[in-house]
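Remarks on the structure that follows.
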Amino acid sequence: MRVPVSWLREYCDPGLSPEQLTDRLNMTGTEVVRVEHIGVGSPDQFVVGKVISAEQHPDADRLRVCEVDDGSGRRTIVCGAPNVEAGQTVGVARPGAVMPNGQALGEAELRGVKSSGMILAEDEVGMGEDHAGIFVLPGDLRAGAPLLEALQIEDDVLDAEITPNRPDCLAVYGIAREVHAATGAQLARDPTLEDAAPEGDDNADDYVTIEIDPEVCLRFTGRVFEDVKIGPSPLWLKQRLIAAGQRPISNVVDITNYVMLLTGQPMHAFDLDEVRGGTIIVRRAEPGEKMTTLDGVERKLDESMAVVCDAGGPTSVAGIMGGQVSEVSEKTTRVLMEAATWVGRNILETSQKLQLRSEASTRFEKQLHPNLGMAAQHLAARLMVELCGARFVPGTLDAYPNPKPPRVVNLRHARITRLLGETVPEDEVVRILVSLGFEPEPASPNDGVAWDVTVPFFRDSDVQREADLIEEVARIYGLDKLPATLPARREAVGKLTPEQRLRRRAEDALRDRGLSEIVAWSFTSQDTLEHARVGDVPVLRLENPMSEEHSVMRPLLLPGLLDAARHNAAHGRGELGLFESAHVYRPSGPLTGAHDENGRVPRGAVPAHERHHIGALMTQAVPGTWRRPAEPADFFAAKGVLAGLLDSLRVDWWVEEGQRPFLHPGRAASVIAGADERKLGWLGEIHPLVARDWDLGQAAAFEIDADLLAELVPGDVPYRDVGAFPPVVQDIAVVVDEDVPTADVKAVVAQNGGELLERVEVFDVYRGEQVGEGKKSLALRLEFRSPERTLTDEEVADMRKAIERGLEEIGARLRA
């Protein structure tokens, strides 16, 4: 939001420099990012002049030789403007003046006549774009007076970053309210309180009717003006528009922009003679309906978009941009002035779909209050009468089916003290609220002082509860005055959850093994998944993606790891180890059957199934030295890193044969963990075709489900003496039916092994001809230890026999 300081001072002038004003606004929450100086204004070089004579140049048909009194005497100025005449009061730039483009003006000889200075046109002082002729000033101005006293040809502009919850500050008068509250300077009367006087015996209802859809339009107001004279706006209006970043067009259009910049309410002017059928209808667009907006672009609409129509069809995209059908032109003599209130979410979604943003949509999408439209109509009517000579037809068209009552919020003084940690005096609380436009009235609470505060309509979308009012008090009172204390709590806050602690331990384990962490996009493309040979995985497509390369949510971490590896390889770092700890996304249910009758997936019908994964990719197992070359990463290198990770978390795991399309055939495995043999992830070498598409050599990777890992990690382990005597370690192979869980086998071994069996660990699984169809061979490592002595093989043999007898009961046998 660009706020010209001279315009702001008209409504609230605290007597501060622009820099001081910026600091004060920043301290109260209205961020001003920069102060820009615009225009020209040297009081000695740009002055008021009186044209004494204007004669035709003897050697040029388009030039006139003028004698001008600039207060210091007469000077001759050769002027090419066709409208210069004797007796005019004009703006004059003396020799030496620096023009807006940075060029210094000097004396020149034009066709034999010496010209000393310049009679100014609008564009030469930044007051507009007109260069066809000079501008003429009121005749009562003194010759030689600084031109800046007559016209605001120099100004400072505050460039403010307005947060989405403060649409009231997207207006000059809204910023003036903030200055008034922050500094205590006098606030001028609200310019929207005074209305224009209607004339005539007719009524606006005689000219046009209005129908609205309340689901997209909360309120639609319209006023009719006749005998409108289209022409250029006065210089003061042009200057304010240009300083605020708007291009002057004509008086009617400039009035709509001026009102929007001053009050925050966008407006639109219709040529009433071009409103077909004398009716305005607000509705949703028909599927595939088209219209041409004011920028000359044909827009294709859908049924979610709101449009303003007449009897012949759409005339504007509601709240965003008008159309060419009924735009105001030089032929316009009757105007319908519209000020509507649109549903903010609908405007935001329409703007995004059409890739079309405007000053109006920026305000409407933040949800304006319906009362603001009627307030803006008052100011617009006065300007239409004053600047366009229009007749204001009695009556206002006002479609407002669901009037919004004022919001009243209870505010307790004790609550202010508890939240801020500072006691703000009661009279100061009232003063602050009143300065911001609130209306506090004493309330009768159960204990202490309280107020029932009526929220002004322009703050209705922002202030909805007691905490919001306390924030208003705090920011104007001064956040720098509040003590720096921590809130009193019985328990510590900010603790990590067990899952977060586990993920950090896992990430640290990978860093300790030399891998570098990356952060990749959560989005990818279907084409990328196809190249990674995972194109058949169900994915979530984005309705409004940033680009085609980011059109789907990633179903696994591998594409991001591959992209990072390719980027590093292209920059000469091909030998690396990378990992990422982040979320992946899959549909939570089947995609089929979720479509509505129009073939679309309703929003929220297929929510994301979001899981946290940890993935790693390695291209080098052992770095090279002067004695031997580097060893590329293979299956076993990746398995070693994974083993270090899972073993550090004390998870019981193993690998089984498991192919993946993106992994090398025969060099891939599934990672199994837990007593119920749950699939934790995958492990293997990257398929050569995938590696080739990413410009990589041999690479290995793994990816595991960190959320599942958190479920499998055992609880805290109590202290146990390591023992002074060495263990006896023996390996056995147990052949068992395929459907017998590994956990049952481990339980039988532990139960029959006796008290001296300290640990049972599965370290391999085999399936094949040697054990027979429907069978599997589990390799178990048994560790026996006595706290009193070193065990002998004979003692362990007796325990092995007991284990064998227990295994026979579940149909298992030891493999020879």
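The values are calculated or read from the model by the stated rules, or taken from the named source; none is laboratory data. Please read all numbers here as calculations on a predicted model, not as lab measurements. A quick note on method: Cβ atoms are made from the backbone with ideal geometry, for glycine too, and the neighbour counts reach across all protein chains shown. Side chains are part of the model used for accessible areas, which takes the heavy atoms of the whole protein and leaves out ligands, DNA and RNA. Shrake-Rupley method; radii C 1.70, N 1.55, O 1.52, S 1.80 Å.
Checking the range 156-179 against the condition returns a match, with at least one residue being over 20 Å from residue 245 (Cβ atoms), outside any loop (DSSP other than H, G, I, E, B) and either out of contact with any Cys (no Cβ under 7 Å at 6 or more places or on another chain) or open to solvent by 20 Å² or more (accessible area, probe 1.4 Å) (or both).
Kindly provide the set of residues from the range 365-411 that are crowded, with 21+ Cβ neighbours inside 10 Å and among the basic types (Lys, Arg), ordered by number. Selection gives 366 alone. Restricting the range 688-737 to residues that are open to solvent by 60 Å² or more (accessible area, probe 1.4 Å) and aliphatic (A, V, I, L, M), the residue that is modelled with the highest pLDDT is 689.
Can you name the residue in the range 497-526 that is over 23 Å from residue 549 (Cα atoms) and among the acidic types (Asp, Glu) and, of all such residues, is modelled with the lowest pLDDT? Full working, then the answer.
Initially, the range 497-526 is screened for residues over 23 Å from residue 549 (Cα atoms), giving 497-516.
Narrowing further to those that are among the acidic types (Asp, Glu): 499, 507-508, 512.
Details: 499: 90, 507: 95, 508: 95, 512: 93.
Checked the range 497-526; the qualifying residue modelled with the lowest pLDDT is 499.
Conditions tested, residue by residue: (1) under 30 Å from residue 663 (Cβ atoms); (2) not in a helix (DSSP H, G or I).
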site: 433; (1), (2): no, no
site: 494; (1), (2): no, yes
site: 502; (1), (2): yes, no
site: 535; (1), (2): yes, yes
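For the range 19-37, a residue qualifies if it is buried (at least 18 other Cβ atoms within 10 Å of the Cβ) and touching an Asp or Glu at 6+ places or on another chain (Cβ under 8 Å), and the qualifying residues are 25, 28, 30, 32.
If you go through the range 605-637 and keep only what is part of a loop (DSSP other than H, G, I, E, B) and open to solvent by less than 70 Å² (accessible area, probe 1.4 Å), you end up with 605, 606, 607, 619, 624, 630, 633, 634.
Determine which member of the set 304, 233 is open to solvent by less than 40 Å² (accessible area, probe 1.4 Å), in a loop (DSSP other than H, G, I, E, B) and more than 28 Å from residue 122 (Cα to Cα).
Working: 233 fails: more than 28 Å from residue 122 (Cα to Cα).
Answer to the selection: 304.
Among the residues of the range 409-434, those identified as out of contact with any strand residue (DSSP E or B) (no Cβ under 6 Å at 6 or more places or on another chain) and either free of Cβ contacts under 8 Å to residues at least 24 places away in the same chain or within 29 Å of residue 189 (Cβ to Cβ) (or both) are 417, 418, 423, 424, 425, 426, 427, 428, 429, 431, 432, 434. Of all the residues in the range 747-774, those that are open to solvent by 30 Å² or more (accessible area, probe 1.4 Å), free of Cβ contacts under 8 Å to residues at least 40 places away in the same chain and part of a strand (DSSP E or B) number 3.
Only one residue in 106, 15, 96 is part of a loop (DSSP other than H, G, I, E, B), open to solvent by 50 Å² or more (accessible area, probe 1.4 Å) and of a type outside the set (A, V, I, L, M). Which one? Break it down stepwise before answering.
Values: 106 fails: open to solvent by 50 Å² or more (accessible area, probe 1.4 Å); 96 fails: open to solvent by 50 Å² or more (accessible area, probe 1.4 Å).
After ruling out the rest, the residue left standing is 15.
From the residues in the range 654-678 that are at pLDDT 90 or above and touching a helix residue (DSSP H, G or I) at 6+ places or on another chain (Cβ under 6 Å), which one is most open to solvent (accessible area, probe 1.4 Å)? Ranking the candidates gives 667 first. When residue 432 is tested against the conditions (1) more than 26 Å from residue 175 (Cβ to Cβ); (2) touching a helix residue (DSSP H, G or I) at 6+ places or on another chain (Cβ under 8 Å); (3) surrounded by 14 or more Cβ atoms within 10 Å (Cβ to Cβ); (4) not basic (Lys, Arg), the lone failure is (1). If you check every pair at least six apart or on different chains, which have Cβ atoms under 8 Å apart with a residue in the range 317-341 that is within 19 Å of residue 210 (Cβ to Cβ) and without any contact (Cβ under 8 Å) to a residue 40 or more places away in the chain first and a residue that is in a loop (DSSP other than H, G, I, E, B) and open to solvent by 40 Å² or more (accessible area, probe 1.4 Å) second? Between residues of the range 317-341 that are within 19 Å of residue 210 (Cβ to Cβ) and without any contact (Cβ under 8 Å) to a residue 40 or more places away in the chain and residues that are in a loop (DSSP other than H, G, I, E, B) and open to solvent by 40 Å² or more (accessible area, probe 1.4 Å), the close pairs are 323/294.
Residue-level check: of (1) out of contact with any Asp or Glu (no Cβ under 9 Å at 6 or more places or on another chain); (2) closer than 27 Å to residue 138 by Cα; (3) open to solvent by less than 40 Å² (accessible area, probe 1.4 Å), residue 246 misses just (1). Restricting attention to the range 347-364, the residues that are among the basic types (Lys, Arg) and open to solvent by 40 Å² or more (accessible area, probe 1.4 Å) add up to 2. Being under 21 Å from the mean Cα position of the chain (by Cα) and either of a type in the set (A, V, I, L, M) or surrounded by 13 or more Cβ atoms within 10 Å (Cβ to Cβ) (or both) is true for just one of 584, 552, 537. Which residue is that? Exactly one of 584, 552, 537 is under 21 Å from the mean Cα position of the chain (by Cα) and either of a type in the set (A, V, I, L, M) or surrounded by 13 or more Cβ atoms within 10 Å (Cβ to Cβ) (or both), namely 552.
Restricting the range 116-154 to residues that are within 12 Å of residue 100 (Cβ to Cβ) and assigned to a strand (DSSP E or B) leaves a set whose member that is least open to solvent (accessible area, probe 1.4 Å) is 121.
Only one entry of 540, 529, 562 meets the criterion of being modelled with pLDDT under 95 and closer than 18 Å to residue 616 by Cα, and that entry is 529. Of the numbered criteria (1) over 30 Å from residue 471 (Cα atoms); (2) surrounded by 13 or more Cβ atoms within 10 Å (Cβ to Cβ), the one residue 183 fails is (1).
Taking residues in the range 182-211 that are within 25 Å of residue 21 (Cα to Cα), and partners anywhere that are among the aromatic types (Phe, Trp, Tyr), the pairs with Cβ atoms closer than 6 Å and at least 6 places apart or on different chains are 188/11.
Being surrounded by fewer than 22 Cβ atoms within 10 Å (Cβ to Cβ) and either modelled with pLDDT of 90 or more or charged (D, E, K, R) (or both) holds for only one residue in 271, 254, and it is 271.
Within the option set 296, 288, being assigned to a loop (DSSP other than H, G, I, E, B), in contact (Cβ under 8 Å) with a residue 12 or more places away in the chain and more than 25 Å from residue 261 (Cα to Cα) holds for one residue only, 288. Filtered by the rule that a residue be closer than 17 Å to residue 133 by Cα, among the β-branched types (Val, Ile, Thr) and either open to solvent by 10 Å² or more (accessible area, probe 1.4 Å) or not in a strand (DSSP E or B) (or both), the range 44-72 gives a lone residue, 65.
Restricting the range 435-453 to residues that are closer than 24 Å to residue 185 by Cβ and in contact with a Pro (Cβ under 7 Å, 6 or more places away or on another chain), which is surrounded by the most Cβ atoms within 10 Å (Cβ to Cβ)?
Once the filter is applied, the top-ranked residue is 453.
Each residue in the range 642-680 was checked for being over 39 Å from the mean Cα position of the chain (by Cα), under 28 Å from residue 536 (Cβ atoms) and not in a strand (DSSP E or B), and 5 pass.
Scan the helices (runs of 4 or more DSSP H) fully inside the range 337-426 and keep the ones with 2 or more residues being in contact with a Ser or Thr (Cβ under 6 Å, 6 or more places away or on another chain) and either more than 20 Å from residue 200 (Cβ to Cβ) or among the aliphatic types (A, V, I, L, M) (or both).
Counting at least 2 such residues, we get 344-354, 370-388.
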